[in-house]
Structure formats: C-alpha cells, structure tokens
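Accompanying notes for the structure given below.
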Amino acid sequence: MDNNLRESILLRLNSTANALRKNRMEAYVVENKEELLNKIAGLISKDETVFTGGSATLKEAGVIDMLNRDGYDYYYRGRCDADGKEIDVLRKAFYGDWYITSSNAITLNGELYNVDGNANRVAALSFGPKNVIVVAGYNKVVKDLSEAVERVKAIAAPANCVRLDKLTGCRASGHCSDCHSDDRICSAYTVHSFQRFAGRIKVFLLPEELGY
C-alpha cells in the first residue's frame, strides 16, 4: 500500500477509535494481522470459552486458525460433546466468556451497525457473553449510519449471499431488493452506540481490507 494512503487510513481509523472510546467501547488501531493476533492472545486465557460469529474477516485475519490451532476452548458450529452430540453453539454463546465477530459497518461517530438473518450474532453483541471482540478492516469504516445501511445493501449482503449460496434478490442483482426469500440474511438490524457496560465491547481496527 502507498505510504500516503496508509497514513490517511490510519488517521481515519484513529478518529474512529476515539469516537468508539467516547461510546465506552475499548478501541485499538493495530498495524497488522500479527499484532492483532498477539493482542487477542493476550486477552483470552486457555481456560475461558470462546465463540465466534460467522465472519469472512476473522478467517482472513487468521483469528479462526489461531483459535483452532493454539488450544483454546473454542466453540464453533458443528462442535460435538464427548458423546458425539452436536452442541447448540448459537445458544451456548450467551453464557460464554468471549465472543469474537466483525461488524458490517463502523461509523466515524463510533457506532457499530450490524444486520443478521438468524439474529444470533447481533443478539450476542448486545447481551450475554462477558466480553465481545470486534475485528474490522478499514473498508468497514463509513461516515454515518446512512452510509452503513447502503454498505450492507450494496456490498456486505450480496457478497455474503454468494459466500453462503443463498437464493436472494441481492445475489441475483448485486444490490438489496428487500426480498422475501426464505434465504434472506437481513432480518435483524442493530446499532450499538453508547454502552452501559464500559469496556465489554473491544474493537480492533486494521489498516487492511478485510471481509465484506
């Protein structure tokens, strides 16, 4: 990346981080994926439970590989108990120590904007897990909530419907059509701004393009 562009992006990320802190979320701008993984490893102990939301960002950043590789008590979709029975990970996440996800958009005003189909991710962001980590590349940062809404309609939802092989209007056209498909992934919408519980949500921002 051009150094001038990188400096401009870092200024934007630091401004966003300051706004998030004013809304009582912890916020960090990290230089790269390696620093991100080191920071996360320093927060989570191996005897704590960890859950993740579905996220291309977490895969690209190496978070999923780290959780699988380094001996964490990681609950993922499809994990089974000692008797071979699949664990209801989506519900169990509400009692977890850590929940790690990305955000569909983060505004310069320090707001997290997210849209879900099952609502398990936005629900866990809102309540339940003791700690929430949000990882986002600079491509997720937008001016305001209006831009956040458009970002989901034009970028995040169509790309995720392709990734998840969903039969929706946005997959067919590349933009939200407010479809009524059984496969619709946009059913629950949340905005997280000022937080009652200071520091529960921890946001890591990277000067890299990650996810959708």
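The values are calculated or read from the model by the stated rules, or taken from the named source; none is laboratory data. Just so it is clear, the model here is predicted, and its values are computed rather than measured. Cβ coordinates were reconstructed from backbone atoms using ideal geometry, including for glycine residues, and neighbour counts include every protein chain displayed.
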Leading residue by the ranking (surrounded by the fewest Cβ atoms within 10 Å (Cβ to Cβ)) among those in segment 84-111 that are within 17 Å of the chain's Cα centre (by Cα) and of a type in the set (Phe, Trp, Tyr): Phe94
Qualifying residue in segment 23-41 (condition: buried (at least 18 other Cβ atoms within 10 Å of the Cβ), of a type in the set (Phe, Trp, Tyr) and modelled with pLDDT of 95 or more): no
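In this structure, is Gly169 modelled with pLDDT under 95, surrounded by 17 or more Cβ atoms within 10 Å (Cβ to Cβ) and at negative phi? Break it down stepwise before answering.
Details: modelled with pLDDT under 95: yes; surrounded by 17 or more Cβ atoms within 10 Å (Cβ to Cβ): yes; at negative phi: yes.
It is true that Gly169 is modelled with pLDDT under 95, surrounded by 17 or more Cβ atoms within 10 Å (Cβ to Cβ) and at negative phi.
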Lone unmet requirement of (1) outside any loop (DSSP other than H, G, I, E, B); (2) at pLDDT 95 or above for Leu90: (2)
Criterion violated by Gly117 - all others in (1) buried (at least 17 other Cβ atoms within 10 Å of the Cβ); (2) within 23 Å of Glu26 (Cβ to Cβ) satisfied: (2)
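To keep it simple, each residue is scored yes or no on (1) modelled with pLDDT of 95 or more; (2) at positive phi; (3) touching a Cys at 6+ places or on another chain (Cβ under 8 Å).
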position: Ile106; (1), (2), (3): yes, no, no
position: Leu112; (1), (2), (3): yes, no, no
position: Gly117; (1), (2), (3): no, no, yes
position: Val122; (1), (2), (3): yes, no, no
position: Gly128; (1), (2), (3): yes, yes, no
position: Val134; (1), (2), (3): yes, no, no
position: Arg151; (1), (2), (3): yes, no, no
position: Asn160; (1), (2), (3): no, no, no
Residues located in segment 21-62, provided they are more than 16 Å from Arg200 (Cα to Cα), more than 12 Å from the chain's Cα centre (by Cα) and among the β-branched types (Val, Ile, Thr): Val29, Val30
Residues that are touching a helix residue (DSSP H, G or I) at 6+ places or on another chain (Cβ under 9 Å) and modelled with pLDDT of 90 or more, drawn from segment 74-87: Tyr74, Tyr75, Tyr76, Arg79
Lone unmet requirement of (1) surrounded by 14 or more Cβ atoms within 10 Å (Cβ to Cβ); (2) farther than 19 Å from Arg200 by Cβ for Asn68: (1)
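Can you find a residue in segment 128-145 that is touching a strand residue (DSSP E or B) at 6+ places or on another chain (Cβ under 9 Å), of a type in the set (Ser, Thr, Tyr), buried (at least 16 other Cβ atoms within 10 Å of the Cβ) and within 30 Å of Glu48 (Cα to Cα)? Can you show your working first?
Filtering segment 128-145 for residues touching a strand residue (DSSP E or B) at 6+ places or on another chain (Cβ under 9 Å) gives 128-138, 140-145.
Now drop any that are not of a type in the set (Ser, Thr, Tyr), which leaves 138.
If we keep only those that are buried (at least 16 other Cβ atoms within 10 Å of the Cβ) too, we end up with 138.
From the residues that got through so far, the ones that are within 30 Å of Glu48 (Cα to Cα) too are 138.
Checked against the condition, which is being touching a strand residue (DSSP E or B) at 6+ places or on another chain (Cβ under 9 Å), of a type in the set (Ser, Thr, Tyr), buried (at least 16 other Cβ atoms within 10 Å of the Cβ) and within 30 Å of Glu48 (Cα to Cα), segment 128-145 yields at least one hit.
Yes/no per residue for (1) assigned to a loop (DSSP other than H, G, I, E, B); (2) under 28 Å from Lys33 (Cβ atoms):
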position: Phe94; (1), (2): no, no
position: Val134; (1), (2): no, yes
position: Ser146; (1), (2): no, no
position: Leu167; (1), (2): yes, no
position: Arg171; (1), (2): no, no
position: Ser177; (1), (2): yes, no
position: Ala198; (1), (2): yes, yes
position: Val203; (1), (2): no, yes
Among residues of segment 44-65, those that are surrounded by 14 or more Cβ atoms within 10 Å (Cβ to Cβ) and in a helix (DSSP H, G or I), counted: 8
Qualifying positions in segment 113-144 - out of contact with any Phe, Trp or Tyr (no Cβ under 6 Å at 6 or more places or on another chain), more than 18 Å from Ile40 (Cβ to Cβ) and among the hydrophobic types (A, V, I, L, M, F, W, C): Ala119, Val122, Ala123, Phe127, Val141, Val142
